[in-house]
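Derivation of every value follows stated rules applied to the coordinates shown; laboratory data play no part. This is a predicted model, so every value here is computed, not measured. So basically every Cβ, Gly included, is an ideal-geometry build from the backbone, and we count neighbours across all protein chains shown.
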Amino acid sequence: MKSQSLINEVFWLRCIACLAVTLGHAIGSGNKYLTGSSIDYLGSYVLHMAVLFGVPVFIFISELLLANKYTEKVPDTFMRKRVQFLLLPYLFMSIVYALISIEKWTFQEVMTRIAMSVFLGDSAVYFILIIFQFYFLHLFLRRYLDRLSAKHTIPIALLINFLYLAFFNFTEVPDNAVGHFIWTKGYWMPFTGWLFYFVLGFYCGRNFQAVLNFFRKKWLLVTPFLALVLMLLMNRIFHLDYDSKRVDMLLYASSVIFLIVYVSSSIGKVPKLVMFISNYSFSIFLLNLFYFRLLSSIEPPEFINLPSYTFLMFLSTLLLCIGTAYLFNQFRFGKYMVGRIMTYKAHSKYNNVPIL
């Protein structure tokens, strides 16, 4: 049996997550290229921290949809379609990101960069490899998770995820090349670093109507702000990196999910703009950092400040990603390179919802 009550919440989550990732990169670009401008860096810093939830939300969405749509068995064609529409764009964009990061063009350097990008996830599209890990994990664990109580399994997953991230967040980086890579990027890839979002997504997908009633509690409106304050304090005390692979992100990202669901569940119809951005979200995820790097090579005028530069970078990149996805999707092979554009329209909240 399939549940069909997710369309509002999922489209809102997907739209906001991809906008958060894009805005986070825009703020990072602004801070990098306009250091020294007479602007309010505190506001930029807080906003940057506030939008770091994008990748965790995307992982949560993927499992929520999978667990909700296929309550009995995942069809045999599922993995084949995921390879077509997720893995092929991952391979193409991984090679693109590898090539634009090369400084010395030798055969060995090119092959090394491509191999690291494709097999180790050393690029902006690493999250797709994480998604695939959870696809396989769902196939192996769904029967066991169905039998276990969410009240016990979710806290256990949270503890495992917390301990894993805490180890890399609070221990010294080894003084060698391999250790440095693992502590700075490599630990992102194993599913243990994202296990909590997977388990949370599974049980939310399996019992969405019951969970929806919980999400409607008004105290959830305050939780993201308290979690954000905690992250700012953690930065001050422990000097953690500004990314989504932090122990405090577990609380913050999940509270943002609850807040988005709380608000969107009360809206009967998805606004056209939210639906439009959601339909392009995968391509925006894939392409946004490519255009940020391209646009960052353009020298900004002297009179521009950080807020205006950040906004222009954000809007320009968003439009370029959407335009590129639209143009590529006019050709049969385009969706296998920069991602497929969804074609869903804003109707009733009880329409079926896409898995991607």
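Give, as a single signed number, the net charge of other residues whose beta carbon lies under 13 Å from the beta carbon of Gly24, with Lys and Arg counted +1 and Asp and Glu -1.
Neighbourhood net charge equals -1.
Show log10 I(q)/I(0) for region 100-208 at q = 0.12, 0.13, 0.14, 0.18 Å⁻¹, two decimals, from a solvent-free Debye sum over equal Cα scatterers.
Each listed q corresponds, in turn, to -0.55, -0.62, -0.70, -0.96.
Give, as a single signed number, the net charge of other residues whose beta carbon lies under 13 Å from the beta carbon of Ser283, with Lys and Arg counted +1 and Asp and Glu -1.
Its environment carries a net charge of +3.
When a footprinting reagent is the concern and you count Cβ atoms within 10 Å, what order do His25, His152, His180, His138 take, fewest first? Please list the in-between numbers first.
Working: His25 24, His152 9, His180 13, His138 20.
So the ranking, lowest neighbour count to highest, is His152, His180, His138, His25.
At Asp175 and Phe331, where each label point lies 7 Å from the Cα along Cα→Cβ, what is the point-to-point distance in nanometres?
Going from the Asp175 label point to the Phe331 one covers 5.1 nm.
Tally Lys and Arg at +1 and Asp and Glu at -1 over the other residues with C-beta under 15 Å from the C-beta of Asp248: what net charge comes out?
Every neighbour counted, the sum reads +1.
According to the square roots a ≥ b ≥ c of the eigenvalues of the Cα gyration tensor, what is the shape class of region 246-356, taking rounded for a/c under 1.5, prolate for a/b larger than b/c otherwise, and oblate for the remainder?
oblate
Relative to the Cα centre, what is the charge dipole magnitude of the chain, using +1 at the beta carbon of each Lys and Arg, -1 at the beta carbon of each Asp and Glu, and rounding to the nearest 20 debye?
1580 debye
Regarding region 13-120, what are the three Cα extents along the principal axes, ordered largest first, in Å?
The Cα atoms of region 13-120 stretch 58, 41, 16 Å along their principal axes.
So, in Å, what gap is there between the alpha-carbon centers of region 277-297 and region 56-132?
15 Å
Set the Förster distance to 35 Å, then compute FRET efficiency between Leu230 and Arg293 from the Cβ-Cβ distance, nearest 0.05.
0.65
Figure the gain on full extension for Leu221 and Thr71 (residue separation times 0.36 nm, minus the Cα-Cα span) and round it to one decimal in nm.
So the chain would gain 50.9 nm between Leu221 and Thr71.
Can you give the longest run of the chain that contains no GluC sites (Glu not before Pro) sitting in a DSSP loop with at most 12 other Cβ atoms inside 10 Å?
In the chain, the maximal stretch lacking such sites is 173-301.
Within 10 Å, at most 15 other Cβ atoms, and a DSSP state outside H, G, I, E, B define an exposed site. Report the longest part of the chain free of exposed trypsin sites (Lys or Arg not before Pro).
Longest gap between qualifying sites, sites excluded: 218-331.
What ranking do Thr310, Thr324, Thr106 get, fewest neighbouring Cβ atoms within 10 angstrom at the top? Each step should come with its number before you reach the end.
Working: Thr310 24, Thr324 21, Thr106 9.
The most exposed by this proxy come first: Thr106, Thr324, Thr310.
Over the chain, consider all pairs of different Cα atoms and compute the Kirkwood hydrodynamic radius from their mean reciprocal separation; express it in Å, one decimal.
Averaging 1/r across every pair of different Cα atoms and inverting gives 21.2 Å.
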